[in-house]
Amino acid sequence: MASLTPTDEQYQDHILQGVSRTFALTIPQLPESLRCVIGNAYLLCRITDTIEDDNALTMVQTRQLTDMFADVVRGVASAEEFAQTLYPLLSNHTIPAEHDLIKNTATVIRITHSFNSAQRMALERCVRIMAKGMADYQETESLQGLRDLAAMNQYCYYVAGVVGEMLTELFCDYSPEINAHKTRLMKLAVSFGQGLQMTNILKDIWDDRERGVCWLPQDILSKHGFDINTLQPGMSDPRFQAGLAELVGIAGNHLYNALTYTCMIPAHEKGIRRFCLWALGMAVLTLNNINRQRDFSDGVQVKISRLSVRATVVTTSLFVGQDWMLRLLFKLTARNLPVVDFSTAVLPEFR
């Protein structure tokens with residue numbers, strides 16, 4: 001295991017505040033023995049995402065750097081050399097906190113290499129799959145969207161489903177009681193990740209289009225008679241809105257699977273449950289906003305309010321150990337979403 005300096009974990013806690021206020025809020029809810037490894041896992045994913053997102057990098061550079069970073073996480077490449085290569089290439093598109101994160105990659109990796117073998121394997125696998133998948137999809141990015149729902153499923157797996165699998169591996173390493181349900185949890189984890197990622201895709205449709213990208217599946221929109229090439233912000237076209245509603249419903253189904261996942265975590269593990277429920281609750285509220293305002297033209301219009309965030313935190317914390325109440329709250333909150341099937345968990349079939 002790597003030897004940490006006294007300031008390494010202080011830096012990790014500090015930079016988490018800068019790159020994700022949501023995770024900075026949810027990670028402290030976890031049991032103490034999970035906080036450091038999951039905080040570190042998030043930063044590894046954020047570095048991978050930064051490489052993919054910065055539009056100043058060529059596709060060749062993106063592929064080389066994501067491969068290099070996967071090797072850094074495995075411990076077979078230099079974190080310092082990686083940072084010195086990537087940092088000067090970053091553009092203003094990348095936020096200052098992410099510039100700082102890249103510059104301090106070696107600090108993050110020292111923490112990564114301090115974990116036990118099961119934890120390291122989970123983190124290494126996640127970064128390897130995410131890095132390759134993101135680079136593959138970047139090479140096909142366009143305003144024409146993805147070919148079909150299966151392609152969207154695969155994309156969501158690369159950027160979020162694999163994260164759900166990693167978290168499940170870490171939860172199972174932490175708790176033999178959770179590990180007893182690992183097979184079922186791993187399947188639900190992929191769906192959990194897809195529900196969160198689809199919500200982000202739908203919220204960010206117009207922001208993504210501004211940078212020349214669309215992650216919507218052509219087949220769903222074509223089925224309703226809409227040509228994705230005519231897509232414009234603020235669309236009142238009923239054909240587009242019907243396709244959007246179907247995608248909202250599919251995301252809602254995945255979020256119901258996320259609730260099933262959460263309820264399989266032992267009731268006494270309230271911290272892990274809160275970690276899951278807060279993300280789940282905020283995603284359902286976001287889907288509600290999208291569904292109510294299908295002609296929105298900017299993600300800000302469907303972003304949930306701070307009051308809604310506080311209400312999610314308070315309500316789910318109050319009933320964190322009561323499965324029947326959590327299911328009731330979900331059904332009440334999601335009651336206006338289209339085609340959400342509360343009777344069964346529909347798992348994605350694409351792996």
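Read-outs throughout are calculated quantities, based only on the coordinates presented, and are distinct from any laboratory measurement. Note that this is a predicted model, so its numbers are computed, not measured. Here Cβ is always computed from backbone atoms with ideal geometry, including for glycine, and neighbour counts include all displayed protein chains.
At-a-glance table
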{"item": "Spin-label pair Ser78/Lys331, simplified geometry with 7 Å Cα→Cβ offset, distance in nm", "result": "6.1"}
{"item": "Label-point separation, Lys132 to Gln293 (7 Å along Cα→Cβ), nm", "result": "4.1"}
{"item": "Rounded to whole Hz, the Karplus (6.51, -1.76, 1.60) HN-Hα couplings of region 198-208, x for glycine and proline", "result": "4, 4, 5, 4, 5, 5, 9, 3, 7, 5, 5"}
{"item": "Amide H contacts of Ala77 (H built 1.01 Å from N, under 5 Å, at least 5 apart or other chain)", "result": "Val72"}
{"item": "Amide hydrogen neighbours beyond the local backbone of Leu146, cut-off 5 Å, H modeled", "result": "Leu216, Gln218"}
{"item": "Cβ-based charge dipole, the chain, positive-most Cα from Gly39, Thr107, Ser308", "result": "Ser308"}
{"item": "In order through region 230-237: 3J(HN,Hα) via Karplus (6.51 cos²θ - 1.76 cosθ + 1.60), integer Hz, x for Gly, Pro", "result": "9, 5, 9, x, x, 6, 9, 4"}
{"item": "Cα gyration tensor category, rounded, prolate or oblate, for region 140-351 with a/c compared to 1.5", "result": "prolate"}
{"item": "Out-of-range pairs (alpha-carbon distance over 24 Å; input Lys103/Lys303; Lys103/Lys187; Lys182/Lys331; Lys187/Lys331; Lys187/Lys223)", "result": "Lys103/Lys303; Lys103/Lys187; Lys182/Lys331; Lys187/Lys223"}
{"item": "Virtual spin-label span in nm between Tyr87 and Thr183, 7 Å along Cα→Cβ", "result": "4.8"}
{"item": "Given charges at beta-carbon only (K, R positive; D, E negative), |dipole| of region 7-138 in Debye", "result": "280"}
{"item": "Amide H partners (placed H, <5 Å) of His181, local residues excluded", "result": "none"}
{"item": "For Phe115, Phe275, order by how many other beta-carbon atoms lie within 10 Å, fewest first", "result": "Phe115, Phe275"}
{"item": "For the chain, size of Cβ-based charge dipole, Lys and Arg +1, Asp and Glu -1, in debye", "result": "1120"}
{"item": "Computed [θ] at 222 nm, helices only, for the chain once each DSSP H run of length n ≥ 4 contributes -39500 (n - 2.57)", "result": "-21000 deg cm²/dmol"}
{"item": "Loop-located trypsin sites (Lys or Arg not before Pro) in region 193-255, at most 13 other Cβ atoms within 10 Å (DSSP)", "result": "Arg211"}
{"item": "Dipole-positive endmost among Thr66, Asn289, Ala83 within the chain (Cβ charges, Cα centre)", "result": "Asn289"}
